[in-house]
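Colleague: One structure, as structure tokens, below. Some questions next.
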Amino acid sequence: MIAIIDYDAGNIKSVEKAIQSLGADCKLTRESAEIVTADKVVLPGVGAFGDAMNKLNEYGLVDTIHRVVDKGTPFLGICLGLQVMFEESEESPGVSGLGLMPGKVLKFSGKEGLKVPQIGWNSLTVKTGSRLLKDVYSGAYVYFVHSYYVDAEDKADVIATAEYGETADVAIEYGNIFGCQFHPEKSSSIGIKILNNFVNL
């Protein structure tokens with residue numbers, strides 16, 4: 001069973017529907033026992049970094065997520081779910097993230113006349129050899145909605161970047177930890193391929 005963590009963030013149901021469309025057994029839950037015993041765990045979400053961390057703490061899910069990762073269970077963060085995996089964000093100064101990965105979340109500068117938030121399709125520069133992005137080619141377009149982007153401390157963990165005034169680290173992979181800033185559930189056949197790769201790890 002794939003547990004999709006329900007912490008009152010936006011866009012969770014669309015991730016559930018996309019995973020169900022692959023024929024996978026999945027469940028929206030915030031029950032620690034169900035999450036810790038799941039075969040795989042997904043942390044989706046749209047919203048603010050500080051609000052997300054408040055909710056994860058309120059529901060006692062921070063320790064649960066660390067237990068999942070420590071067990072070696074495949075764990076996927078999507079959009080806000082990726083951002084909170086890191087240590088901190090300019091969006092919410094003084095709020096600690098999950099700290100699963102070293103690095104920060106920075107605000108797009110809006111230089112070159114680019115609108116912030118970035119809403120729409122953008123192309124990926126993909127590093128070869130990734131399990132999450134298996135058979136996804138550089139230049140593939142995926143769908144983004146975000147004002148902040150990840151700047152990972154260890155670039156060896158970055159499996160895809162995208163350009164939007166800055167070079168944003170938009171997909172990461174480290175051991176059993178995976179993440180993507182874009183929305184695979186809204187990224188047509190490329191996104192479904194990525195979700196299928198995760199489901200079949």
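Colleague: Tell me, what ³J(HN,Hα) does each residue in region 134-149 have, in order and in whole Hz, if you take phi through Karplus 6.51 cos²θ - 1.76 cosθ + 1.60 with θ = phi - 60° and put x for Gly and Pro?
Modeller: 4, 6, 9, 9, 4, x, 5, 9, 9, 9, 10, 9, 6, 9, 10, 9
Colleague: Where the only charges are on Cβ atoms (+1 Lys, Arg; -1 Asp, Glu), what is the dipole of the chain about its Cα centre, to the nearest 20 debye?
Modeller: Working: 18 positive and 26 negative charges, 116 e Å.
Roughly 560 debye, rounded to the nearest 20.
Colleague: So, one more: Over the chain, what percent of the accessible surface lies on carbon and sulfur atoms, probe 1.4 Å? Working shown, then result.
Modeller: Values: 4020 of 8500 Å².
The value for the chain is 47 percent carbon and sulfur by accessible area.
Colleague: In terms of solvent-accessible area of protein heavy atoms at a 1.4 angstrom probe, what is the ranking of Asp63, Asp6, highest value first? Don't skip to the end; give the middle numbers.
Modeller: On the way: Asp63 95, Asp6 45 Å².
Ranked from most to least accessible, the order is Asp63, Asp6.
Colleague: Just to verify a number: what accessible area does Val126 come out at with the full protein assembly present, 1.4 Å probe, Å² rounded to tens?
Modeller: Counting only protein heavy atoms, Val126 exposes about 20 Å² to solvent.
Colleague: Can you work out ³J(HN,Hα) from phi for every residue in region 82-88, in order, using Karplus 6.51 cos²θ - 1.76 cosθ + 1.60 and θ = phi - 60°, giving whole Hz and x for Gly and Pro?
Modeller: Ordered by residue, 3J(HN,Hα) equals 5, 4, 6, 5, 8, 7, 7 Hz.
Colleague: Now a separate question. Tell me which residues come under 5 Å, amide H to amide H, from Ala160 once H is placed; ignore anything under 5 positions away on its chain.
Modeller: Lys127, Val170, Ala171
Colleague: Non-local amide H neighbours of Ser138 (under 5 Å, H modeled in plane, Pro and chain starts lacking H): which ones?
Modeller: Amide H to amide H, under 5 Å and 5 or more residues apart or across chains, Ser138 pairs with Val126.
Colleague: Over region 106-201, with the other protein chains present, what is the accessible area per residue in square angstrom, probe 1.4 angstrom? Kindly include the intermediate steps, with their values, before the conclusion.
Modeller: Details: 4340 Å² over 96 residues.
Value returned for region 106-201: 45 Å² of accessible area per residue.
Colleague: For labels at Glu163 and Thr37 in the simple 7 Å Cα→Cβ model, what's the distance in nm?
Modeller: Label-label distance for Glu163 and Thr37, simple model: 5.0 nm.
Colleague: Could you derive backbone 3J(HN,Hα) for region 123-131 from the dihedral phi with the Karplus parameters 6.51, -1.76 and 1.60 (θ = phi - 60°), listing whole Hz in sequence and x where the residue is Gly or Pro?
Modeller: Whole-Hz 3J(HN,Hα) from phi for region 123-131: 8, 9, 9, 9, 7, 6, x, 7, 7.
Colleague: Just want the answer: with Cβ charges of +1 for Lys and Arg and -1 for Asp and Glu, which residue in Gly94, Ser189, Val150 is farthest toward the dipole's positive end in the chain?
Modeller: Ser189
Colleague: Right, another one. Give the long-range amide H neighbours of Val42: residues separated by 5 or more places, or on another chain, with amide H under 5 Å away, using H modelled in the peptide plane at 1.01 Å from N.
Modeller: Those lying under 5 Å, H to H, from Val42 are Ala3, Ile4, Ile5, Leu76.
Colleague: Identify the residues of region 85-106 with backbone N under 13 Å of a label point that sits 7 angstrom from the Cα of Leu114 along the Cα-to-Cβ direction, or state none.
Modeller: Once the point is set 7 Å along Cα→Cβ of Leu114, 106 turn out to lie under 13 Å by backbone N, inside region 85-106.
The values are calculated or read from the model by the stated rules, or taken from the named source; none is laboratory data. Since we're looking at a predicted model, the values are computed, not measured. Reconstructed Cβ throughout: ideal geometry from the backbone, glycine too, with neighbour counts over all protein chains shown. Please note that ligands, DNA and RNA were not included when accessible areas were found on the heavy atoms of the full protein model with its side chains. Shrake-Rupley method; radii C 1.70, N 1.55, O 1.52, S 1.80 Å.
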